Structure formats: structure tokens, C-alpha cells
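*Asks:* Here you go, one structure.
The values are calculated or read from the model by the stated rules, or taken from the named source; none is laboratory data. What you see is a predicted model, and the numbers here were worked out from it, not measured in a lab. No Cβ is skipped: glycine too gets one built from the backbone with ideal geometry, and neighbour counts run over all protein chains shown.
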Amino acid sequence: MEHTLGQINTNIYFPQGILEKKGAGSPDIPDDSSSMLISTVCHELRTPLAIIRGYTSLLLDYDDSLGNTEKHEYVESIDKATNRLVELVDDILDMSRLESGMLHLEKTSTALTELTREAVSEAQLRASDYRIIFIAEQDIPRIHIDARRIRQVLDNILDNAIKYSEEGTDITARLTPRENDLLVSISDNGIGIPPCDLEKVFQRMFRLERQVTTGSKGIGLGLTICRGLVEAHGGSIWLDSEEGMGSTVYFTLPF
């Protein structure tokens, strides 16, 4: 017997009142940007929640008639949707910590070469249809950073490069030591960014209108969080892009 999510109601509803701004200056009423964030988050949560509820219902209602292969596929879908929920919640929490000044960095002496190589290797596993290249000069010194947070920055930028590039194209991560800092760059040959949007890419909740080639667009917090994490380390982050030719994200970390 074949079962599909179309057989059951997988809609998730959120109360709309929380999104309404009822009075300017009211402490318990979100401003326009907060309302937009809440609305976007609710929208993005609906899909993974619907998948989890839908496939869980199928497993509960049709357990006796489902084969092992079907059960495995359903559990895999639940697992992927759960991971997506975790990513969304983590982004929201990180944004909250950054904006409130409550982010705590746990800095240790770190080999950025190895950290970046690991990030590139794992990105290659996630995106086997791309060629992800890592280039680093020899004798790059260790630096004092929060390795988990900088790995988060690397993963986010690599994932964006994959999302907005065609399969089979190259993505290059490069480390360049300079006099007072390390320069990290991640380049792709993707769709690029229009000049009018270059100043907006690090703004909270900004998302390119163009269709991603792989994965989902997210809620527009990724690069904003990257900027906050890099700046918390005393570095800077910026982006160069040419529409139709690709993009390069640069960030620095001081010695």
C-alpha cells in the first residue's frame, strides 16, 4: 500500500496576533523588523514541522502495512526536517545573543589551516557534485579564536557558495597571512549579486530574490551572524561580487 503526505493534513498554523503591531512605542509590541522576523520564522518553521508531523502520523497509523524501506525513508525525512528546525532555532538564538551583547567567545590557540581544511572536506561530502578547493600557504601561525564560532562562519559561507552555484563548478577557500591578520576568502562561480544588493547582504533578514540551486534560502540571518562573529573577534568581513560571474566573501582574523 502506498501512503503519501497528501492523505493527511500537514498544515501548521501560527496565531496571527503576535505579528500585528498595535501601537508604536509599546514595550510588548514588536517593531516592523521584529514582526517581519517573526513572520519569516513562522513561515520557515511550517515546512519542517509539517514533514515531521506528517511522516510521524504515517508511521503511527500505518505501521503494520509499511515495509522497512518505506519506514527508513520516512525516518530519514523526519531526521532532515529536525536538523532544519535545529538550524533555524540556532540562528535565532545566535542573532539574539549578538544583538544583546550576550555572546561569549571561548578562545583557544587554533590552527586555522586545519579548521578550514576540515570545513572544506565536510562541505565536499555534503556537495559531492561540486569541486571545493582549499589553498593555504605554509607556516600559517596559530591564532587565538573561538574555533567553534569561526567554523560556524566557514560553514555558513561555504553553504551559501554551494546554494548559489551550479553543480560541477568550483568553490575555492583560501588562507593568506598578512602583517597583522589572516585573510580568509571563499570564492564561487555562481549567480553573483546585483550591485544594488551588495550593501544589503549583511543586513538582518536580507535574502536574494533569485532561486537557490541547492537547498533552501534560509531566513536571512546567516551572513548577519557571520559579521557579528567575525567582528566579535576583532576582524572584518566584506563581499565582492559580479552578477553572473560569482562572489567572494572575505574576512580577517587578527593575530
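*Asks:* Can you name the number of the only condition in (1) surrounded by 19 or more Cβ atoms within 10 Å (Cβ to Cβ); (2) within 18 Å of G222 (Cβ to Cβ); (3) not assigned by TED's automatic domain parsing to the domain that holds I38 that L112 fails?
*Replies:* (2)
*Asks:* Condition test on D79, is it of a type in the set (D, E), surrounded by fewer than 16 Cβ atoms within 10 Å (Cβ to Cβ), within 21 Å of the chain's Cα centre (by Cα) and not assigned by TED's automatic domain parsing to the domain that holds M205?
*Replies:* So D79 fits the description; yes.
*Asks:* Let me ask you something else. Any residue in the stretch 142-159 that's free of Cβ contacts under 8 Å to residues at least 60 places away in the same chain and in the same structural domain as V184 (by TED's automatic domain parsing): show its pairings with residues that are of a type in the set (S, T, N, Q) and assigned to a helix (DSSP H, G or I) at Cβ separation under 8 Å, as long as the two are six or more apart or on different chains.
*Replies:* Qualifying pairs under 8 Å: L154/T116.
*Asks:* Does D139 satisfy the criteria of being part of a helix (DSSP H, G or I), of a type in the set (D, E), in the same structural domain as L229 (by TED's automatic domain parsing) and within 23 Å of F255 (Cα to Cα)?
*Replies:* No, not satisfied.
*Asks:* Tell me the residue from S165, S96 that is under 17 Å from the mean Cα position of the chain (by Cα) and not in a helix (DSSP H, G or I), please.
*Replies:* Result: S165 is the single residue among S165, S96 that is under 17 Å from the mean Cα position of the chain (by Cα) and not in a helix (DSSP H, G or I).
*Asks:* Let me ask another. Given the criterion under 18 Å from the mean Cα position of the chain (by Cα), surrounded by 19 or more Cβ atoms within 10 Å (Cβ to Cβ), on the phi < 0 side of the Ramachandran plot and modelled with pLDDT under 95, identify the matching residue among V201, V153.
*Replies:* Only one candidate passes the filter, namely V201.
*Asks:* OK, next. Would you say R174 is surrounded by fewer than 18 Cβ atoms within 10 Å (Cβ to Cβ), at negative phi and in contact with a Ser or Thr (Cβ under 7 Å, 6 or more places away or on another chain)? I'd like the intermediate steps shown before the answer.
*Replies:* On the way: surrounded by fewer than 18 Cβ atoms within 10 Å (Cβ to Cβ): yes; at negative phi: yes; in contact with a Ser or Thr (Cβ under 7 Å, 6 or more places away or on another chain): yes.
Spelling it out, R174 is indeed surrounded by fewer than 18 Cβ atoms within 10 Å (Cβ to Cβ), at negative phi and in contact with a Ser or Thr (Cβ under 7 Å, 6 or more places away or on another chain).
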